[in-house]
1. Tell me the per residue accessible area of the range A:32-135 using a 1.4 Å probe; a whole number in Å² is fine.
2. For B:P228, go 7 angstrom from Cα along the Cα-to-Cβ vector, then report the distances to that same point in the other copies in nm, smallest first.
3. With a/c under 1.5 counting as rounded, go ahead and sort the range A:109-211 into rounded, prolate or oblate using the C-alpha gyration tensor (a ≥ b ≥ c being the square roots of the eigenvalues; past the cut-off, prolate if a/b is larger than b/c, else oblate).
4. With a 1.4 Å probe, what is the total accessible area buried between chains B and A, in Å² rounded to the nearest 100?
5. Compare the peptides A:116-123, B:134-141 by average per-residue count of other Cβ atoms within 10 angstrom and give them in order, highest first.
6. With a Förster radius of 51 Å, plug the Cβ-Cβ distance of A:Y40 and B:D179 into 1/(1 + (r/R0)^6) and report the FRET value to the nearest 0.05.
7. Mind listing the phi-derived Karplus ³J(HN,Hα) values for the range A:149-164, rounded to whole Hz, using 6.51, -1.76 and 1.60 with θ = phi - 60°, and x for any glycine or proline?
8. Ranked highest first by the average count of other Cβ atoms within 10 Å around their residues, in what order do B:184-193, A:98-107, B:207-216 fall?
Number of protein chains: 2
Amino acid sequence: MTPTFKIDHTNCADCPIRHRAVCAHCDADELEELEGIKYYRSFEAGQTIIWSGDQMNFVGSVVSGIASLTQTMEDGRTQMVGLLLPSDFVGRPGRDSAPYDVQATTDLVMCCFRKKPFEELMNTTPHIAHRLLQMTLDELDAAREWMLVLGRKTAREKIASLLSIIARRDASVGQRGSDGPIVFDLPLTREAMSDYLGLTLETVSRQISALKKDEVILLEGKRHVTIPDMGRLMEEAGDDSDGGFLV
Amino acid sequence: MTPTFKIDHTNCADCPIRHRAVCAHCDADELEELEGIKYYRSFEAGQTIIWSGDQMNFVGSVVSGIASLTQTMEDGRTQMVGLLLPSDFVGRPGRDSAPYDVQATTDLVMCCFRKKPFEELMNTTPHIAHRLLQMTLDELDAAREWMLVLGRKTAREKIASLLSIIARRDASVGQRGSDGPIVFDLPLTREAMSDYLGLTLETVSRQISALKKDEVILLEGKRHVTIPDMGRLMEEAGDDSDGGFLV
DNA sequence: GCTTCCACTTGATCTCTATCAAAGCATCTG
DNA sequence: CAGATGCTTTGATAGAGATCAAGTGGAAGC
């Protein structure tokens, strides 16, 4: 349901970026110009990539690892407002400063493009502008879906919602549509989850324990999750079985 | 801080649409083509314009009145995910169906464009595509700012946040930057506010009474609000005094 | 004028989640 | 191995907001 542009990845083995991203590898034919302004950056877990208010002189995609967008109040309360998984786009063409902190939640590699030349390219290449609009609409959908989670769901439903997003994005590659169990490692600390869900880390821990006790999920160690029945998890999340499209 | 495109409205008296919208009036020079596919629609308060999942065969701007975007869970819990004030854009170029209900919160007039021709125009007119991207980025910023409100603010802060948005968007026209009191009529019922804020209507009512008792706001009747000190209200909202850019 | 209706207010109580506090359990360090 | 450190779990308690239940007040209709 997601892909707006069908990109053929068969000749693109070393490209980690999936359909939604703007990627020099995938579009080498039409976007050779990007090669010149492209560079890679690595970050360590915990590192802040951009502070809220800073100049942001690049755009880019996540290659590997996880980044988060967070907003912070003066008194220290924080809310994660976006979770960037591999292939997700970061950047605000036409804008100068970042309205939120961007942090590396795990070790992270990004594929960046200098903003100025990227914008020029965008202005002369309708294709890119169009694709960016589609990506931004996707992000907007995800943000709005998440508003329902934050505003109206219980702690237990919030956890189930988060798990089902991560399961779908992280683990389902190669398992699409299968009914079997889904297995993955949680890429977030309990604290990061609490920042995303508008909860405290204690509540996150308690609800995860409860879902485990009720066998909605199986836990090995603290991070290794097995979901025996995805449908059951989505019921717990309060989603209709159809399944959304978050983040 | 908001306008990305400076449009001169001095010769545009009958155009209700402000800087952020795509508007045939304002851009008559370059967008004459739009005239042919433009039409107006009126709705009564309470009417549903689009149901979640429906085909959405137009895009458009709010001319007068207020519309809301809401998501609903199977058990009836609802969350408003967007509030559309005059000049705001509705529509998802490139998408077929709506992911949420669109409702007229007050009597409403919209300026619509048939989607197909609008999209064709968009594909051949980089200017429009570019402007749409900017508008979508604005909406994304607003949605993310609202995630902080939903996830981390107290009921009192939520109400103050909502009042300060409405005050800035609704009443400040012609009062920009002034330090004097701000006066406006609340365009939302207590229930609509509760849907927007992730609260119950009783809590909304109690917190409004509390803000009134503490003289953060003055109330005449149930809807007529005076804000004697905007700075005070924004402190109550937990915003830094700079002031955000919501909705 | 009286009734009805609707949006709103206010009160009493309950419950979920936050808060405060302590302890468990890996991994790393010396 | 002992100790430190970081992430996590669990327990006890408190508090913000939900829920249930009346009641108010203004506008519309008869």
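The values are calculated or read from the model by the stated rules, or taken from the named source; none is laboratory data. Note that the structure is a prediction, hence the values are computed from the model and not measured. Cβ: placed from backbone, ideal geometry, glycine included. Neighbour counts: every protein chain shown. Ligands, DNA and RNA are stripped out before the accessible areas are found, and what is left, the full protein with its side chains, is counted by its heavy atoms. Shrake-Rupley method; radii C 1.70, N 1.55, O 1.52, S 1.80 Å.
1. Numbers: 4090 Å² over 104 residues.
Ligands and nucleic acids excluded, the figure is 39 Å² per residue.
2. Inter-copy label distances (nm, one decimal, shortest first): 6.3.
3. On the way: a/c = 2.35, a/b = 1.87, b/c = 1.26.
Note, shape of the range A:109-211 comes out prolate.
4. On the way: alone 12910 and 12930 Å², together 21460 Å².
What B and A bury together is about 4400 Å².
5. In descending order of packing, they fall as B:134-141, A:116-123.
6. Working: r = 50 Å, r/R0 = 0.97.
Calculated value: 0.55.
7. Taking θ as phi minus 60°, the curve returns 4, 5, x, 10, 8, 6, 4, 4, 5, 4, 4, 4, 4, 5, 4, 6 Hz for the range A:149-164.
8. Numbers: B:184-193: 17.6, A:98-107: 20.2, B:207-216: 15.0.
Highest-to-lowest ranking by the protection proxy: A:98-107, B:184-193, B:207-216.
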